[in-house]
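Working notes, structure below.
The values are calculated or read from the model by the stated rules, or taken from the named source; none is laboratory data. Predicted model, so just to flag it, every value in this text is computed and none were measured. Note: ideal-geometry Cβ built from the backbone for every residue, glycine included; neighbour counts use all protein chains shown. Note: areas computed on protein heavy atoms with side chains; ligands, DNA, RNA excluded. Shrake-Rupley method; radii C 1.70, N 1.55, O 1.52, S 1.80 Å.
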Amino acid sequence: MSCSTNPLQVVWFKRDIRVHDHRPLARAAAAGPVLPLYIVEPEYWRLPDSSHRHYMFLREGLQALRADLTKLGQPLIIRVGNAVDVLQELFDELPIAALWSHQETGNAWTYDRDKQVAAWCQQMHLPWKEERQDGVIRRLGSRDGWAGKWDAFMQEPITPAPRVLPAIETLDIGALPSAEDIGFQYDGHVRRQPGGRTEAVGTLDSFLFERGKSYQRAMSSPVSARDTCSRLSPYIAWGMISVREVAQAAWSRNSDLQLNPGKDSSIWRRSLSSFAGRLHWRCHFMQKLEDEPRLEYENLHPAYDGLRSYGENSPLFAAWATGQTGYPFLDACMRSLIATGWLNFRMRAMLMAVASYHLWLDWRRTGEHLARLFTDYEPGIHWSQVQMQSGTTGINAVRVYNPVRQGYEQDPGGRFVRQWLPELAPVPDAFIHEPWKWPRLQDTVDDAYPVPVFDHEITARVAKEKIWAVRKTAGHKDIARQIAEKHGSRKSGMTHRMRASGTQRSRSKQRRKPDPQLNLFD
């Protein structure tokens, strides 16, 4: 093709690293020749919620995306720099008809960047056509009816990839920077999930047909959750597979189980129903950040402003952040997260709650640390949940986790603890969750593992007193009521729609009380 006579449709890939079910790509291809673009933005990767593991996971996805686009005829174009500057350079060099992308519910930085891009497009008289890619609705007036809109969106047909993309032969495709080029150093993710579309699809298939049978009952313990949870969250977070693809695959699997029941069909269907509910809740929490961007950096309820003062320089922060608090199960969860980039929902909640209540650390600093560690970091879910687990929303239950009790309940034999805290190998099972009670601890373990840096019973009691004192202040309930009206789910919960023989189950059977322990999507 001749770039000088054929205006290009620029498709800007962001957190949607795929060619399948990518409406901007398909619609742009129908409108004219496509320039598929990814912009590596160094300023973004210097943010406190970005990390080496994020970039490496994304980089693997971009390599896979470039391969898929190359098969269609036009490789992915990589550019490095400020988004507006990159777009201006392309605009000066090539005839461009329109900019296409998915809407993004990201952090405050991406929100500001998109406003700058929108202003530039307006200045250049260039149409910017954005499409939804999940259940989040921009400029939503009310949460009433939101669940039904989610259902309707997820039922829409999967958008196939374009059959062919004409090559732009005169354009340099650009190199994909290494992590070192961006300024990152390795952060210890020795067992991180690999990125890419093939990995995403394989993970979905293995969950629906092999690993997911025990999902409902096994998701709470880190011992079993690593295998039985879907493990799709990083692929969805970075857009290597769409939520619609996952939802429809789960519905189809459920329908097959009903039409062809086997010995374990009922167990499978209960697990798939629970999983489908979490797909709803994933977007429910993202919608909160879309509606209230300040969730990332301000207490949702202003009564909690100034409540906590400890920050990154606190020795307690360092102990918590590195898995050196002296509480084996808590430390094992943190060390596991550092190494793998993933942790099941209940243990994520425990890590955040202990930091906020027992250690009385400000959620902004601890939230940034966890954001860097989660390969599946999704700002909309993350900051909503961080505040919920810290008690600063004013509307959620105050849930103070007991790190010792959680160990006994979720890892009774100490298997998980021993895997991640090898220094405690000599400790008998009876003392593995409270090694300070073992008489031979000092003689055997010596200084290889610290004594507890806080008293979990005293600090929990003090934290509850402080939080409830705030909740009793004048005006707290009125503001909390306004917050619940804007952000709360309607009725008893979100719909759990599953397809069975092509028909919809009755609404009365779909409604379920939300799981009070729900945390990030698994």
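In the range 330-356, the residues that are without any contact (Cβ under 8 Å) to a residue 40 or more places away in the chain and over 22 Å from A237 (Cα atoms) reach residues that are crowded, with 24+ Cβ neighbours inside 10 Å and of a type in the set (A, V, I, L, M) with C-beta atoms within less than 6 angstrom, at least six apart or across chains, in these pairs: A355/L361. Evaluation of S255 against the conditions (1) open to solvent by 60 Å² or more (accessible area, probe 1.4 Å); (2) in contact with a strand residue (DSSP E or B) (Cβ under 8 Å, 6 or more places away or on another chain) shows that the sole unmet condition is (1). With the structure loaded, tell me whether I483 is in a helix (DSSP H, G or I) and either modelled with pLDDT of 95 or more or open to solvent by 40 Å² or more (accessible area, probe 1.4 Å) (or both) or whether it fails that test. Taking the combined requirement at face value, the residue does not satisfy it.
Residue check: N396 meets all listed conditions (1) within 21 Å of the chain's Cα centre (by Cα); (2) surrounded by 23 or more Cβ atoms within 10 Å (Cβ to Cβ); (3) assigned to a loop (DSSP other than H, G, I, E, B) but one, namely (2). Consider the range 187-197 and keep the residues that are out of contact with any His (no Cβ under 9 Å at 6 or more places or on another chain) and open to solvent by 30 Å² or more (accessible area, probe 1.4 Å). The one that is nearest to I17 (Cα to Cα) is P194. Applying the condition of being open to solvent by less than 40 Å² (accessible area, probe 1.4 Å) and assigned to a helix (DSSP H, G or I) to the range 444-470 and asking which residue is farthest from I395 (Cα to Cα) yields H456. Look at V243 and say whether it is buried (at least 22 other Cβ atoms within 10 Å of the Cβ) and either closer than 27 Å to T110 by Cβ or hydroxyl-bearing (S, T, Y) (or both). Criteria met by V243.
Residue check: R79 meets all listed conditions (1) in contact with a helix residue (DSSP H, G or I) (Cβ under 6 Å, 6 or more places away or on another chain); (2) open to solvent by 10 Å² or more (accessible area, probe 1.4 Å); (3) assigned to a loop (DSSP other than H, G, I, E, B) but one, namely (3).
Once the range 126-171 is narrowed to residues that are among the acidic types (D, E) and either in a helix (DSSP H, G or I) or at pLDDT below 95 (or both), the residue that is farthest from the chain's Cα centre (by Cα) is E169.
When the criteria are applied in full, Q63 meets the requirement of being surrounded by fewer than 16 Cβ atoms within 10 Å (Cβ to Cβ) and over 27 Å from E296 (Cα atoms).
Scanning the range 20-49 for residues that are farther than 15 Å from L165 by Cβ, assigned to a loop (DSSP other than H, G, I, E, B) and open to solvent by 30 Å² or more (accessible area, probe 1.4 Å) yields R46, L47, P48.
Looking at the range 319-336, which of its residues are part of a helix (DSSP H, G or I) and either on the phi > 0 side of the Ramachandran plot or open to solvent by less than 20 Å² (accessible area, probe 1.4 Å) (or both)? Full working, then the answer.
In the first step, residues of the range 319-336 are kept if they are part of a helix (DSSP H, G or I); the result is 319-322, 328-336.
Across the range 319-336, the qualifying residues are A319, W320, A321, P328, F329, L330, D331, A332, C333, M334, S336.
Condition first: crowded, with 16+ Cβ neighbours inside 10 Å and either closer than 30 Å to Q133 by Cα or not hydrophobic (A, V, I, L, M, F, W, C) (or both). Now tell me which residues in the range 299-318 satisfy that. Result: N299, L300, H301, Y304, R308, Y310, S314. Does A247 meet the test of being touching a helix residue (DSSP H, G or I) at 6+ places or on another chain (Cβ under 6 Å) and hydrophobic (A, V, I, L, M, F, W, C)? The answer is yes for A247. Quick check on I17: is it touching a helix residue (DSSP H, G or I) at 6+ places or on another chain (Cβ under 8 Å), open to solvent by less than 10 Å² (accessible area, probe 1.4 Å), within 29 Å of L370 (Cβ to Cβ) and assigned to a loop (DSSP other than H, G, I, E, B)? Yes.
Please tell me if K464 is at pLDDT 95 or above and of a type in the set (D, E, K, R). Show your work before the answer.
On the way: at pLDDT 95 or above: yes; of a type in the set (D, E, K, R): yes.
So K464 fits the description; yes.
Filtered by the rule that a residue be surrounded by fewer than 20 Cβ atoms within 10 Å (Cβ to Cβ) and either in contact (Cβ under 8 Å) with a residue 12 or more places away in the chain or under 16 Å from W251 (Cα atoms) (or both), the range 200-209 gives V201, D205, S206, F209. Report yes if R365 is farther than 25 Å from A218 by Cα and either open to solvent by 10 Å² or more (accessible area, probe 1.4 Å) or polar (S, T, N, Q) (or both), otherwise no. Considered against the rule, which asks whether it is farther than 25 Å from A218 by Cα and either open to solvent by 10 Å² or more (accessible area, probe 1.4 Å) or polar (S, T, N, Q) (or both), R365 comes out as yes. Only one entry in V427, V417 is under 17 Å from D331 (Cα atoms), open to solvent by less than 60 Å² (accessible area, probe 1.4 Å) and part of a helix (DSSP H, G or I), namely V417.
Residues that are crowded, with 18+ Cβ neighbours inside 10 Å and not in a loop (DSSP other than H, G, I, E, B) within the range 172-186 comprise A179, I182, listed in sequence order.
Does the range 282-313 hold any residues that are in a loop (DSSP other than H, G, I, E, B), within 27 Å of S142 (Cα to Cα) and without any contact (Cβ under 8 Å) to a residue 24 or more places away in the chain, and which are they? Result: E298, D305. Contact annotation: residue pairs with Cβ atoms under 7 Å, 6 or more positions apart or on different chains, pairing a residue in the range 236-262 that is among the basic types (K, R) with a partner that is in a helix (DSSP H, G or I) and open to solvent by less than 30 Å² (accessible area, probe 1.4 Å), are R244/M154; R253/L208; R253/L272.
Inspection of the range 269-276 identifies at least one residue that is touching a residue at least 24 places away in the same chain (Cβ under 8 Å) and open to solvent by 30 Å² or more (accessible area, probe 1.4 Å).
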